[in-house]
Amino acid sequence: MLFLLIDANALIHRVFYALPHLTTKNKEPIQAVYGFFSVLLKILKEVKPNYIAACFDLPSPTFRHKRYKEYKATRPKTPEELSSQIPKIKEGLKFFNVKIFEKEGYEADDFIDTLSKKISEKFPEAKIIILSGDLDTLQVVRNEKIVVMSFKKGITETKIYDEKEIMKKFGLKPFQVPDFKALCGDPSDNIPGVKGVGKKTAQKLLEDFETIENLYSQLEKNSLKFKKYSKKIIESLKESKNQAFFSKFLATTRCDVPVKFSLEELKINPLPQKIKEFFKKYEFFSLIKRADEVFKEKISQTLF
């Protein structure tokens, strides 16, 4: 059993900025729609999942915004040229029979974490690929059967991140990603972190203490492990304790979103003729040919 979980908004942003400006004959901006389905066809052909779902953010505030109104406040507003394409992508996903998960108060990452946890518990033999345009979902790699597929460059070359690759690339275990952001912050999400702690120091601290819970427990006990750190860092950690734990709260994906689904709902069951009509509607003639190639193949093999 192979599941493909798509971090839809992250992928949409990735393809929108990776591709040149594209429009239909009627001047409708369309590059995000084209890029999204171009990537989807590529992944379906290469990975051949048995089950698939797409997780979306909604424009309404999440539980994180309600606790911290500055959350993601530094991000530029989504351009209308991009937001106008999201309904078209959802329209196309209906013809691929891809179930969409979205809910006010939560982010796509929360759905991905929840779905991967539920799938792993219900089907221990299942393998899960998370397709994402960024690496915020690395913390969801909770065992050897879950991986994140992201992009090396543009939208053509992909890279698989399993537990070993995450450690090799970032020097972190997947579950340490929120602790890492708790210490050094995350400017893209406007997560504050601890003042004066950069990425290298955060990595060293997590090598020594593994989690911020253990770090602060050892700090209260005046552990000898802190001798290698400057007084300035130690004082900053003490002063920013509450901020560090709050930052971890903001950075941690939820795995308890109230959601129900059946295996049948996630089963790959595309409607090739409807897909061709959708592609023709938006003048994606090259994708029609690629769709033919994809749907002639059996969906059985896996990456693993």
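Worth a mention:
- Among 251-257, 264-270, 3-9, the peptide with the highest mean count of other Cβ atoms within 10 Å heads the list, and the full ranking is 3-9, 251-257, 264-270.
- Taking the average, over residues, of other Cβ atoms within 10 Å as the packing measure, peptides 214-223, 96-105 rank 96-105, 214-223 from highest down.
- Farthest positive-ward along region 193-276 dipole, Cα basis, beta-carbon charges - from Val259, Leu237, Gly198: Gly198
- Extreme residue, positive dipole direction of region 30-174, given options Ser120, Cys55, Ile155 (C-beta unit charges): Ser120
- Computed E for Glu102/Lys227 - FRET, C-beta separation, R0 45 angstrom, nearest 0.05: 0.35
- Compared with the dominant principal axis of the Cα atoms in the chain, helix 285-295 is inclined by about 80°.
- Remark: region 174-251 carries a charge dipole of roughly 400 debye about the Cα centre, counting +1 on each Lys and Arg Cβ and -1 on each Asp and Glu Cβ.
- Relative contact order of the chain, pairs being alpha-carbon contacts under 8 Å that are 6 or more residues apart, as %: 24 percent
- Share of alpha-carbon pairs per 5 Å distance bin for region 174-251, given as whole %: 3, 18, 32, 29, 13, 4, 1
- Each Lys and Arg adds +1 at its Cβ and each Asp and Glu adds -1 at its Cβ; summed about the Cα centre, the chain shows a dipole of about 440 debye.
- Estimated FRET transfer efficiency (Glu165, Glu28; beta-carbon r; R0 41 Å; 0.05): 0.55
- P(r) of the chain over all Cα-Cα pairs, binned every 10 Å from zero, in whole percent: 6, 26, 31, 22, 10, 4, 1
- Derived scalar couplings between HN and Hα for region 47-54 equal 8, 6, x, 8, 9, 8, 8, 10 Hz in order, rounded to whole Hz, by the Karplus curve 6.51 cos²θ - 1.76 cosθ + 1.60 (θ = phi - 60°), x for Gly and Pro.
- Three-way shape call for region 189-304 based on the alpha-carbon gyration tensor, with the a/c threshold at 1.5: prolate
- Using the Karplus relation 6.51 cos²θ - 1.76 cosθ + 1.60 with θ = phi - 60°, the per-residue 3J(HN,Hα) values for region 250-258 come to 5, 7, 8, 6, 8, 10, 10, 5, x Hz, with x marking Gly and Pro.
- Cα shape, region 22-150, gyration tensor, a/c 1.5 rule: oblate
- Shape call, region 49-96: gyration tensor on alpha carbons, a/c limit 1.5: oblate
- Working ranking of peptides 33-45, 79-91, 272-284 by packing, defined as the average number of other Cβ atoms within 10 Å per residue, highest first, is 33-45, 272-284, 79-91.
Taken together, the values in this text are just the output of simple stated rules run on the coordinates, not laboratory data. Everything quoted here is computed from the prediction, not taken from an experiment. All Cβ positions, even for glycine, are placed from backbone atoms using ideal geometry, and neighbour counts span all protein chains on display.
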